[in-house]
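This report refers to the structure that appears directly beneath it.
The values are calculated or read from the model by the stated rules, or taken from the named source; none is laboratory data. Keep in mind it's a predicted model, so treat the numbers as computed, not measured. Don't worry about glycine lacking a Cβ; one is built from the backbone with ideal geometry, like all the others, and counts go over all protein chains shown. Note: areas computed on protein heavy atoms with side chains; ligands, DNA, RNA excluded. Shrake-Rupley method; radii C 1.70, N 1.55, O 1.52, S 1.80 Å.
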Amino acid sequence: MDMAAHAEPKVDVVRRRRANVGRHLAPFLFISPWILGFLFFTLGPLCFSLTMSFFDWPVVGERTFVGLDNYRSMFMEDPQFRESLWITVKFAAIYVPFNIVMSLLLALLLHHATFASGFFRTVFYLPSVISGVALVTIWSWIYSREYGLLNFMLSLVGIDGPNWLGDPSLALVAIIVASLWGLGGTMLILLTGLKAIPKELYEAATVSGVPGWAQMLFITLPMLGPMLIFTFITSIISAFQQLTIALLLTKGGPLGSTYFFAMYIYDNAFKYFDMGYAAAGSWVMFAIVLTLSLVVMRWSAAWVYYEGEVRPADGDRDA
Amino acid sequence: MRKTVLYATLILLSALFIAPFYWTFMTAVKSTAELYQFPPVLWPSEWHWENFAAAWNKQPFGTYLSNSLIVVVLSTFGQLLSSSLVAFGFARFRFPGRDALFVLLLATMMIPWDVKMIPLYMEFNMLGWINTLKPLIVPAYFADAFFVFLLRQYIMTIPMEIDEAARMDGANSFDIYWRIHLPLMLPALVLVGTFHFMNAWNDYLGPLIFLNDQSKYTLTLGLSMFKGLHEIDVTSIAAITVILCLPPLALFFLAQRYIMDGAVGSSVKG
């Protein structure tokens, strides 16, 4: 596009230069909302929170620099830190695999359904549409001891249902099940991934006599790899940030059996108003989530096939 | 035979997913007597539609609704505008540091909300925004990483020749964005708008942290108040839950085609 500048009259050069400045500025104008948002709502808060974590920082009153003391007392002296982290790890260890496996099974079922697939898709996605407080209230009386739907079902087969949310050994399971009810989003992502796998691969495999289970193992799963990794990482992130459901369903009880790490941070900040300590807790969470995500990515790099690797980089475009 | 098993499984699972909704709705329209009856009443003998109005009037839900609508409408508008601008910037220009910035944008998705929660609270506190709806609206005007990513993928599928032709005719970059790409992006915008609407409509933690005054509450906070205030007002909780579910359901129903196509499209083209 650019012509040799020296051949042009002076006026044109000036105009061209001015146009060039505009051209160089334009992309930054377009992305400026994100840059400003990143500075004010991400980078700023991150730096601020890191600084806070080195201070004794009450909401009102004197702030004192304490160095690594918040982290030290959290790891060494605070039993609630260890307990809440352990509950979160247990939750994640069950929730994440179940979320992915069940979403994948549902997605596979839907992928093979030819009749009323739109209906079924909608049904499985519905709970994600209304996630939040409404979802939690629905679950709060499914689990209700006296008039709950679940215990009624159990009574039909002659089982005396337990007090799901009042029993420390069952409350975490109840929260996991309630969380899994919203797996429609993950299912949808995997379904779109399945639909994107070229049919020729399966046709070729069938012609060559490759059995169904082997097609699943050697075509479907590898081709779905990037999507599986994406859902794996986002599931880990959401498992560690789990707060709304527990806050509304059990308030961390009974006996602290559903006191998640996010609730621990929340309480330190907005109940005990110890902002520095809460900030330190949130950085511990960040470190864990980031480490887990990096491990997943590194580990997956060995077996995931990215279509993008064989294509020319899509960045080779100019305005 | 295989098909029979497939559909039997699907129907069984559907029942599992629908049962809670069914139960909620029935609870909302039951009489108090049937509510506590055992065995539970699966089909009420009379339908008490007035339960909805009664529940609505127990708290200033009119105020909550208008607060929710203000937040959802203003923030959705901001999200659509800002995310599409940024996505266009990343998709259609080459500039120094672009790829690094884009990776940075994607990386921000991995930051737990908890890390930003406390400093954001203090930041909004300093700005005097606590107990106003601004913390729930203003950040939406600064683009969301996930939506930027989604819209960028979509823009990349629009042929570059269209932009070049428009430029020949004297259109500047903003014209190309506003008059060509926005209309072409409509399906993806519907998708983003729907997702954002649902997030904003269902948001509980944001309002919980940033709002104190009951007159500023959104519907989700109002619903959660039922648990603390009254012992357990099951009928009201069910009725408000049903009401709260309706707008997202209606929106999902209307936008379904776009959502499926858009989601499928972006993955195929991604």
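Criterion applied to B:14, B:31 was being out of contact with any Ser or Thr (no Cβ under 6 Å at 6 or more places or on another chain), within 12 Å of another protein chain (Cβ to nearest Cβ) and open to solvent by less than 30 Å² (accessible area, probe 1.4 Å), and the one residue passing it is B:14.
Within the group B:107, B:145, B:91, which residue is modelled with pLDDT under 90, small (Gly, Ala, Ser) and over 30 Å from residue A:142 (Cβ atoms)? Before the answer, list the steps.
On the way: B:145 fails: modelled with pLDDT under 90; B:91 fails: modelled with pLDDT under 90.
Among B:107, B:145, B:91, only B:107 is modelled with pLDDT under 90, small (Gly, Ala, Ser) and over 30 Å from residue A:142 (Cβ atoms).
When each of A:177, A:157, A:136 is tested for being without any contact (Cβ under 8 Å) to a residue 60 or more places away in the chain, closer than 30 Å to residue A:240 by Cβ and within 14 Å of chain B (Cβ to nearest Cβ), the lone residue that passes is A:177. A single member of B:141, B:154 is closer than 21 Å to residue A:27 by Cβ and either surrounded by 21 or more Cβ atoms within 10 Å (Cβ to Cβ) or in contact with a His (Cβ under 8 Å, 6 or more places away or on another chain) (or both), and it is B:154. Taking the conditions (1) open to solvent by 30 Å² or more (accessible area, probe 1.4 Å); (2) over 18 Å from residue B:19 (Cβ atoms); (3) hydroxyl-bearing (Ser, Thr, Tyr) in turn, residue A:155 satisfies each one other than (2). For region A:241-263, which positions are open to solvent by 10 Å² or more (accessible area, probe 1.4 Å), within 25 Å of residue B:223 (Cα to Cα) and not small (Gly, Ala, Ser)? If the condition is that a residue be open to solvent by 10 Å² or more (accessible area, probe 1.4 Å), within 25 Å of residue B:223 (Cα to Cα) and not small (Gly, Ala, Ser), then A:241, A:242, A:244, A:245, A:247, A:248, A:249, A:250, A:251, A:254, A:259 are the ones that fit. The helices (runs of 4 or more DSSP H) falling completely within region A:201-278 that include 3 or more residues that are more than 30 Å from residue A:62 (Cβ to Cβ) and within 14 Å of another protein chain (Cβ to nearest Cβ) map to A:221-241, A:244-249.
Hey, among A:32, A:103, which residue is touching a residue at least 60 places away in the same chain (Cβ under 8 Å) and either surrounded by 15 or more Cβ atoms within 10 Å (Cβ to Cβ) or of a type in the set (Asp, Glu) (or both)?
Only one candidate passes the filter, namely A:103.
Every residue, every condition in (1) open to solvent by 10 Å² or more (accessible area, probe 1.4 Å); (2) within 20 Å of residue A:250 (Cα to Cα); (3) among the hydroxyl-bearing types (Ser, Thr, Tyr), yes or no:
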{"residue": "B:165", "(1), (2), (3)": "yes, no, no"}
{"residue": "B:171", "(1), (2), (3)": "yes, no, no"}
{"residue": "B:188", "(1), (2), (3)": "no, no, no"}
{"residue": "B:202", "(1), (2), (3)": "yes, yes, no"}
{"residue": "B:234", "(1), (2), (3)": "no, yes, no"}
{"residue": "B:238", "(1), (2), (3)": "no, yes, no"}
{"residue": "B:250", "(1), (2), (3)": "yes, no, no"}
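Of all the helices (runs of 4 or more DSSP H) wholly in region A:44-125, which have at least 2 residues that are more than 12 Å from every other protein chain (Cβ to nearest Cβ), over 28 Å from the mean Cα position of the chain (by Cα) and acidic (Asp, Glu)?
Ranges flagged: A:69-77.
Within region B:28-52, residues that are of a type in the set (Lys, Arg) reach partners that are at pLDDT below 80 and open to solvent by less than 80 Å² (accessible area, probe 1.4 Å) with beta carbons closer than 7 Å, at six or more positions or on different chains, in the pairs B:30/B:41. For residue A:23, the stated conditions hold: it is modelled with pLDDT under 90, at the interface with chain B (Cβ under 9 Å from one of its Cβ atoms) and surrounded by 14 or more Cβ atoms within 10 Å (Cβ to Cβ).
The set of residues in region A:264-287 that are in contact (Cβ under 8 Å) with a residue 60 or more places away in the chain, of a type in the set (A, V, I, L, M, F, W, C) and surrounded by fewer than 24 Cβ atoms within 10 Å (Cβ to Cβ) comprises A:273, A:283, A:284. Scanning region B:80-96 for residues that are open to solvent by 10 Å² or more (accessible area, probe 1.4 Å) and assigned to a helix (DSSP H, G or I) yields B:80, B:81, B:85. Among (1) facing another protein chain (nearest Cβ under 7 Å); (2) touching a residue at least 12 places away in the same chain (Cβ under 8 Å); (3) of a type in the set (Gly, Ala, Ser), there is one condition residue B:83 misses while meeting the rest; what is its number? Of everything listed in (1) facing another protein chain (nearest Cβ under 7 Å); (2) touching a residue at least 12 places away in the same chain (Cβ under 8 Å); (3) of a type in the set (Gly, Ala, Ser), residue B:83 misses just condition (1).
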